[in-house]
Amino acid sequence: MNTRFCCTIAMPVMALALLTTPARAQDAPAQGGATADRSDNVAPAGEIVVTAAKRAENLQAVPISVSAIGGDTLARSHTDSVDSLVTKVANLQLTSIVGDNTPIFALRGVSMSDYSLNQASPVATYYDEVYKGNFAFLGVAMYDLERIEVLRGPQGTLYGKNTTGGAVNIISRDAKLGETSGYLNAGYGNYNRFDVNGAVNLPLGDKAALRVAATYSHADGWYKNVLPGMPDLAEVREYGVRATLKVEPVDGVRLKLVGSTSYQNPHNYGIYATDATGAQIDGLPQDRIASDVPQRRRARTTSVAFHADVDLNDILTLTSITSYDKGSLHFIEDTDGQANKLLEIPYDDEANQFAQDLRLTSNTHGPFDFILGVYFNREKVFNSSNFKIANDVDVNGDGVINALDCAAGLPLACQFRNQFDQLKKSYAVYTDAKYKVGDHVVLHGGLRYTHDTGRQYNFRSDALGVDNVLVMNLIPPSALSYKQDNLSGKIGIDYKFDGGNMIYASVSRGYRAPSFNAQAFFDPSELSVAKAEKVTSYEAGAKTQFWDRRVTLNMAGFYYDYQNQQFINVDPATAAQTLQNIPKSRIYGAEADLTVRASNAFGLHVGLGLLSTKILQGSVSGTVVDGHQLSNAPHVSANAGLDITLFDSSAGKFSLHPEIAYQSSQYFEVINVPRLQQGGYALLSGHIDWESADGRWNASAWIKNATDAFYFTSRVDLLAGFGFDYNHIGAPRTFGVSLGVKY
């Protein structure tokens, strides 16, 4: 498919769709408790309610490219990891280079080309409006959800820094006043997978309610280890618990306290190491590995957030969100993917953050409305990494491997260990406003001023022997810092037709704060601060509904001016890693989301993303990369799903839901090494559901990657320095059944 051609015709197609759309649909008023969903929880009038713009609004009235997926849809399709979102949202990709449930998202080609645990992705993740920047805060969150919203494009006004690509909003189910309810689901699948999750909602008098939700999953590793006594890799062992206390003491005051914790303790992912021909190094089949690292991956999160909404009068609402997060992530990566100790890397990440968001929101029911807010975030991180190179080589030949071998054979038989503390503070003032001109035109605008400070201190790197005896100090105790002021904003206009359909256009700027290099090991010159990253976006789109709102077609086209993309450069000859900027790139593309609810028995959803990326100015390891494609940016991504009800009677409701997701070829690095290119592939999934006539009982059978497609989720060139390429592979075919009850 010619991406340039498709993007060129995108806007005329939007105009044609508007001209041929009957003007019969009427907007339904937004209800804050409504559930956003593509198909199963849509209100009778076809309304989907989202909070993408920090207020409850009909999705079709929000002039932003947003995909919303309801919690019931996610649960029935067994979407229990944020990684799986890429099969449901056009132009969303990820790199799973640091393991499952810690994704590095790429949205419209904007990505983080760095796997360091101290970094924050340019596609921000929010849990119940709380920003989760560090990997250690992510944990287990995909249970008892109301919906997920994926906001495409820079979100530099309402969401702030580190949103040059967009934002992923994960929204849990709220406690409900005056209601006693709950549910319990249990399931079993291949690889001896067992899942159980549920929730209970309890009223505490007339003005308060408590909701407690929990999930637990256990599965054997699908990456089979051929070494005797060594565990299989890519296991699942995790649990999560969330409690929500909601209190409405008087009219106009809504208080909510949310506390959660999660723990993951699987045997780690496995590295698929390949030679120059693409064959696995040790000649094993693609589902086998010879890994000599038995340690488990450990990830723990604790979070508490207090939400308060106070109606000051009929027009103004004051919202305060105060949150504290603490997390830790520890694992040892068998980087060589082999039975020897050529390269193994332990990682440690411990982090905590405090955040305060305070905003004033108006609802005048007139032409002018605004949001005015202030924001503060303090994030403290301790990070340590350890390059263990050839730790099974007896350099001296004396039968003992210790510091003497490291001193004689440097870098063989050595550990290169760095560690540092990092403190970042962010202060922001922001506003977002809209003004209605006449009956059809709405003007939008917003600004955000951000003041960021960062300090990396107590940094040192040492060479040690296998026995942990110091051989030499490579980088003496060091410190770096930065201060950054940024003004980002957005202006836009939308036009709403009499029938409710809308076209919109906007110019916006997103900002990603400077970053410190966590991968400096061998020389002080590797210590650096990457410049702030900025994206200027030009976007136009259309949101349409017709056939009595049975058909929804939303489209957008965009052009990005991408400046100073931050990326980690790994020298394939020496493994030295430097944090750099690519000065200038450009991105353009388009998306279309089509939802058809032809009847109660048939529904269709199709998503299409088109993308073209090009580096305009940049150099990596002495190689000029002008004209190269950006990483994690396939030209085409698409997804489609059917909802087919075979019968709905006193015997219950029985339905089929086949799904397919496709993405074309892509690179995982900007050198565009041909042997590391991931070819195009498709993933076929689906589920079959039964629900009793009274809605109390349900059963489901599900499958993912039904054709057992083999594909990579990240690739790194280590061939010159270590004799292999480093690869992560996607999960194979998985399937299972579940049974649930509601009360």
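Each reported figure results from applying straightforward, stated rules to the coordinates on display, with no laboratory input. If you're wondering where the values come from, they're calculated on a predicted model, not measured in any experiment. Virtual Cβ from ideal backbone geometry, glycine too; neighbours counted across all protein chains shown.
Here are the numbers for this structure:
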{"item": "Computed [θ] at 222 nm, helices only, for the chain once each DSSP H run of length n ≥ 4 contributes -39500 (n - 2.57)", "result": "-1500 deg cm²/dmol"}
{"item": "Listed residues Val625, Ala413, Phe712: farthest to the positive end of the dipole of region 3-742 (Cβ charges)", "result": "Val625"}
{"item": "Unit charges on C-beta of K, R, D, E only; dipole of region 418-562, Debye", "result": "520"}
{"item": "Which listed pairs, of Lys256/Lys496; Lys132/Lys496; Lys132/Lys704; Lys161/Lys436; Lys326/Lys388; Lys88/Lys425, have C-alpha distances above 32 Å, in listed order", "result": "Lys256/Lys496; Lys132/Lys496; Lys88/Lys425"}
{"item": "Straight-distance crosslink candidates among aspartates and glutamates, where the alpha carbon sits under 13 Å from Lys224 and sequence neighbours closer than 8 are dropped", "result": "Asp232, Glu235, Asp287, Asp292"}
{"item": "Principal semi-axes in Å for region 252-300 [√(5λ), Cα gyration tensor, largest first]", "result": "43, 14, 7"}
{"item": "Estimated FRET transfer efficiency when R0 is 41 angstrom, pair Gln356-His440 (beta carbons, to 0.05)", "result": "0.60"}
{"item": "Burial order of peptide ranges 178-191, 236-249 (average beta-carbon count within 10 Å, highest first)", "result": "236-249, 178-191"}
{"item": "Cut-off 18 Å, label 7 Å out along Cα→Cβ of Ala479, residues of region 519-545 by amide N", "result": "527-529"}
{"item": "Relative contact order (%) - criterion: Cα under 8 Å, at least six apart; region: region 3-742", "result": "12"}
{"item": "Val304/Ile345 FRET efficiency (R0 35 Å; Cβ-Cβ; nearest 0.05)", "result": "0.60"}
{"item": "Whole-angstrom gap from region 495-565 to region 597-650, using each part's C-alpha centre", "result": "15"}
{"item": "Rounded to the nearest 20 debye, dipole of the chain from Cβ charges on Lys, Arg, Asp, Glu", "result": "1500"}
{"item": "Length-normalised contact order for region 575-646 - Cα pairs under 8 Å, 6+ apart - percent", "result": "33"}
{"item": "Value of Rg to Rh for region 615-674 (Rh from inverse mean 1/r over Cα pairs, i.e. Kirkwood)", "result": "1.44"}
{"item": "Distance between modelled label sites at Ala276 and Tyr457, nm, 7 Å Cα→Cβ extension", "result": "4.9"}
{"item": "Tail weight of P(r) past 47 Å, computed on alpha-carbon pairs of the chain, percent", "result": "17"}
{"item": "Cut-off 16 Å, label 7 Å out along Cα→Cβ of Asp394, residues of region 459-489 by amide N", "result": "466-467"}
{"item": "Region 514-609: mean projected area of Cα convex hull, nm²", "result": "9.7"}
{"item": "Tilt relative to the chain, helix 3-19 - C-alpha long axis, 0 to 90 degrees, to 10", "result": "10"}
{"item": "Packing rank of 688-698, 402-412, where each peptide gets the mean count of other beta carbons within 10 Å, highest leading", "result": "402-412, 688-698"}
{"item": "Value of relative contact order over region 128-218, rounded to a whole percent, pairs C-alpha under 8 Å and six or more apart", "result": "24"}
{"item": "Taking all pairs of distinct alpha-carbon atoms in region 168-210, Kirkwood radius in angstrom", "result": "12.6"}
{"item": "Reach of Lys653 by Cα under 20 Å, taken over aspartates and glutamates that are not fewer than 8 positions away in the same chain", "result": "Asp37, Asp40, Asp72, Asp643, Asp689, Glu691, Asp694"}
{"item": "Cβ crowding within 10 Å averaged over residues, with 94-107, 300-313 ranked highest first", "result": "94-107, 300-313"}
{"item": "Span per principal axis, largest first, for the Cα atoms of region 395-486 (Å)", "result": "87, 26, 14"}
